[in-house]
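The values are calculated or read from the model by the stated rules, or taken from the named source; none is laboratory data. Everything quoted here is computed from the prediction, not taken from an experiment. Cβ coordinates were reconstructed from backbone atoms using ideal geometry, including for glycine residues, and neighbour counts include every protein chain displayed.
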Amino acid sequence: MNHEIGTRKDSGARSEQLPAPPPHKKLDRVAAKRALTGCRVLMVEDQIINQLVLREILEHAGMHVTVANNGREAVTVMTCESGRFDLVLMDLQMPELDGYEATRIIRREWSADQLPIIAVTAHALQEDRHHCLQAGMNDHLAKPVDQDQLYVCMLKWLKCAPCCQGQQ
């Protein structure tokens with residue numbers, strides 16, 4: 001089955017269909033939740049409904065979630081609570097400080113190996129993914145978030161879940 005993740009329009013009337021990421025193997029949710037239990041996540045998201053939905057998914061898997069309402073809050077939390085988080089889920093478009101700039105500031109203190117940052121955004125084009133990686137993020141997930149895809153991505157980067165690393 002060929003899925004499309006977005007459309008990019010050029011200066012003319014035609015549009016280019018971007019290929020969907022390859023399908024991942026069936027995720028064992030029980031094993032994933034077991035591996036993710038206890039992980040500490042900083043969720044940076046300005047929309048309340050997105051915070052509620054994502055928090056429910058994360059906490060259902062036993063993760064500890066701290067919410068920052070924008071990039072500036074995220075930088076402040078990271079500065080005040082150094083070393084407290086295993087992973088950051090970062091929205092891109094937020095008031096005060098966007099996800100790109102917040103990531104650049106966080107990367108001054110923590111490398112991509114020390115603290116994975118995953119973009120969770122409505123910006124789903126390949127170009128958007130490229131900009132996220134250039135800003136220092138480890139990975140990119142498109143909204144609406146697929147629970148299994150989120151778990152697989154987190155397990156790929158989290159050091160607190162070594163038993164499921166590489167399960168894609």
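Checking the condition out of contact with any Ser or Thr (no Cβ under 6 Å at 6 or more places or on another chain), of a type outside the set (Ser, Thr, Tyr), modelled with pLDDT of 95 or more and closer than 28 Å to LYS33 by Cβ, which residue from VAL75, VAL145, VAL67 passes? It would help to see each step written out before you state the result.
Details: VAL75 fails: closer than 28 Å to LYS33 by Cβ; VAL145 fails: modelled with pLDDT of 95 or more.
Selected residue: VAL67, the only one of VAL75, VAL145, VAL67 that is out of contact with any Ser or Thr (no Cβ under 6 Å at 6 or more places or on another chain), of a type outside the set (Ser, Thr, Tyr), modelled with pLDDT of 95 or more and closer than 28 Å to LYS33 by Cβ.
Output the residues belonging to the stretch 122-136 that are in contact with a Lys or Arg (Cβ under 6 Å, 6 or more places away or on another chain) and either among the acidic types (Asp, Glu) or closer than 21 Å to VAL53 by Cβ (or both).
Residue satisfying the conditions is ALA122 alone.
Got a sec? Which of THR79, THR103 is surrounded by 19 or more Cβ atoms within 10 Å (Cβ to Cβ) and among the polar types (S, T, N, Q)?
Numbers: THR79 fails: surrounded by 19 or more Cβ atoms within 10 Å (Cβ to Cβ).
Matching residue, one of THR79, THR103: THR103.
Look through ALA74, ALA124, ALA35 and report the one residue that is part of a helix (DSSP H, G or I), crowded, with 16+ Cβ neighbours inside 10 Å and either out of contact with any strand residue (DSSP E or B) (no Cβ under 7 Å at 6 or more places or on another chain) or touching a residue at least 40 places away in the same chain (Cβ under 8 Å) (or both).
ALA35
Among ARG104, ARG55, which is over 16 Å from GLY38 (Cα atoms), out of contact with any Cys (no Cβ under 9 Å at 6 or more places or on another chain) and not hydroxyl-bearing (Ser, Thr, Tyr)?
Just one listed residue meets the conditions, ARG104.
Identify, please: which residue in the stretch 127-143 is within 17 Å of VAL75 (Cβ to Cβ) and of a type in the set (A, V, I, L, M) and is, among those, surrounded by the fewest Cβ atoms within 10 Å (Cβ to Cβ)?
Ranking the qualifying residues of the stretch 127-143, first place goes to ALA135.
Within the stretch 84-100, take every residue that is within 13 Å of the chain's Cα centre (by Cα) and free of Cβ contacts under 8 Å to residues at least 60 places away in the same chain and give me the one that is surrounded by the fewest Cβ atoms within 10 Å (Cβ to Cβ).
Looking at residues that are within 13 Å of the chain's Cα centre (by Cα) and free of Cβ contacts under 8 Å to residues at least 60 places away in the same chain, I get TYR100.
Condition first: of a type in the set (A, V, I, L, M), surrounded by 17 or more Cβ atoms within 10 Å (Cβ to Cβ) and outside any strand (DSSP E or B). Now tell me which residues in the stretch 48-69 satisfy that.
Scanning the stretch 48-69 gives LEU54, LEU58, ALA61, MET63.
For GLN114, which of the numbered conditions (1) surrounded by 15 or more Cβ atoms within 10 Å (Cβ to Cβ); (2) free of Cβ contacts under 8 Å to residues at least 12 places away in the same chain; (3) within 23 Å of THR37 (Cα to Cα) fails to hold?
(1)
Inside the stretch 85-110, can you point out the residues that are more than 18 Å from HIS130 (Cα to Cα) and assigned to a loop (DSSP other than H, G, I, E, B)?
PHE85, ASP86, MET94, PRO95, GLU96, LEU97, ARG108, GLU109, TRP110
With the requirement that a residue be of a type in the set (A, V, I, L, M) and modelled with pLDDT of 90 or more, what does the stretch 148-168 give you?
Matches in the stretch 148-168: LEU150, VAL152, MET154, LEU155.
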